[in-house]
Amino acid sequence: MAEVIKLSEERVESFDHDSTAIHAVAPVVEAIRGIVPAQKHLTLLDVGGGNGTFLDTMLQAMSETSGTLIEMSQAMAEKNSRSDRKTIVCANFLDWAAKTAQGSKRFDVIFFNFVLHHFVGKHRDESIRLQSQALEAAKSVLADGGLIVVYEIHYNGLFHDELPSKLIHALSSSNVLAPLTKLMGANTAGYGVCFHSESYWRGLFGQFGLRVVDEHLIEKGSFAGIKPHIHKIVLNIATMNYKIHFLQVEGLS
Ligand SMILES: C[S@@+](CC[C@H](N)C(=O)[O-])C[C@H]1O[C@@H](n2cnc3c(N)ncnc32)[C@H](O)[C@@H]1O
């Protein structure tokens, strides 16, 4: 099985913020209330949950929940606040899910906030395989009727839908170009990052029997300023957005 390339702790440090909690909790709570059948207790799983501010805010907003956060970076996992309703696990999600799927514990809502594009291998094909494995792994620990929530940045190409994502993967995974891509602002320079267009993600979800039952647009990329505009042209980007897709297993809801 291909190995996920792990970002250095120094690079992961830049993800220590609460913007996912600020932007996503309200629409996510609304979607969960509308989609997941009302139950006494709901179990949440936050994959690559970082410093935990998203999960903490979810637990505050929904008193009938408890949550598990899986985080590969030890430094990030340690930033999490503790609570009786929260379990923190420092592990690679793929390894953890393989073990967990053998037991009986299942989750009602599984979050992938800005994390699927970090399932990166040596080549783009390998990265897509790892992302596919992550979706399969999520299905294997999802409760019947449960919800998978994917919050991603979508780069939609001008000449070809996936061209920006292919360019970003190639540029960010090159060690030779790393000083330049770092200078251009890529936190993943030398490690790689695997974004996709929105239609590519929807196709991948469908391939794994996951139906989009709802979606919520957080923000459209504006490319204001010279540097973002250069990025847009060089990377052949037509549009970019921050969007949440809500998924359920086909035929089970
Ligand atoms: C961009 S940050 C997003 C953090 C948080 N979800 C948010 O929305 O702010 C991605 C996080 O996922 C973690 N991560 C990446 N791959 C992972 C994996 N395979 N298993 C567990 N955590 C992973 C990284 O260490 C990092 O903290």
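Could you tell me whether Y151 is among the hydroxyl-bearing types (S, T, Y) and away from the ligand (no atom under 15 Å from the Cβ)? No: the conditions fail for Y151. Tell me, yes or no, whether segment 104-120 has at least one residue that is more than 11 Å from the ligand (Cβ to nearest atom), in contact (Cβ under 8 Å) with a residue 40 or more places away in the chain, closer than 20 Å to T188 by Cα and among the charged types (D, E, K, R). Scanning segment 104-120 turns up no residue that is more than 11 Å from the ligand (Cβ to nearest atom), in contact (Cβ under 8 Å) with a residue 40 or more places away in the chain, closer than 20 Å to T188 by Cα and among the charged types (D, E, K, R).
May I ask you to verify whether V29 is near the ligand (Cβ under 8 Å from one of its atoms) and not hydroxyl-bearing (S, T, Y)? Criteria not met by V29. Regarding N51, is this residue surrounded by 20 or more Cβ atoms within 10 Å (Cβ to Cβ), without any contact (Cβ under 8 Å) to a residue 40 or more places away in the chain and within 9 Å of the ligand (Cβ to nearest atom)? Here the answer is yes, as N51 does meet what is asked. Highlighted here are the helices (runs of 4 or more DSSP H) found entirely within segment 158-211 that include at least 3 residues which are surrounded by 14 or more Cβ atoms within 10 Å (Cβ to Cβ), of a type outside the set (S, T, Y) and in contact with a Leu (Cβ under 7 Å, 6 or more places away or on another chain): 163-173. When every residue of segment 145-156 is checked against the conditions, at least one turns out to be surrounded by fewer than 19 Cβ atoms within 10 Å (Cβ to Cβ), part of a strand (DSSP E or B), out of contact with any Ser or Thr (no Cβ under 7 Å at 6 or more places or on another chain) and in contact (Cβ under 8 Å) with a residue 40 or more places away in the chain. With the checklist (1) closer than 22 Å to N187 by Cα; (2) touching a Gly at 6+ places or on another chain (Cβ under 6 Å); (3) assigned to a helix (DSSP H, G or I) in hand, flag the one item L55 doesn't pass. Unmet for L55, out of (1) closer than 22 Å to N187 by Cα; (2) touching a Gly at 6+ places or on another chain (Cβ under 6 Å); (3) assigned to a helix (DSSP H, G or I): (1). Within segment 62-86, the set of residues being loosely packed, with under 15 Cβ neighbours inside 10 Å, more than 10 Å from the ligand (Cβ to nearest atom) and not in a loop (DSSP other than H, G, I, E, B) comprises E78 only.
Every read-out reported here was derived from the displayed coordinates using simple, explicitly stated rules and does not represent laboratory data. The structure displayed is predicted, hence computed values, not measured ones. Note that each Cβ is placed from the backbone with ideal geometry, even for glycine, and that neighbours are counted across all protein chains shown.
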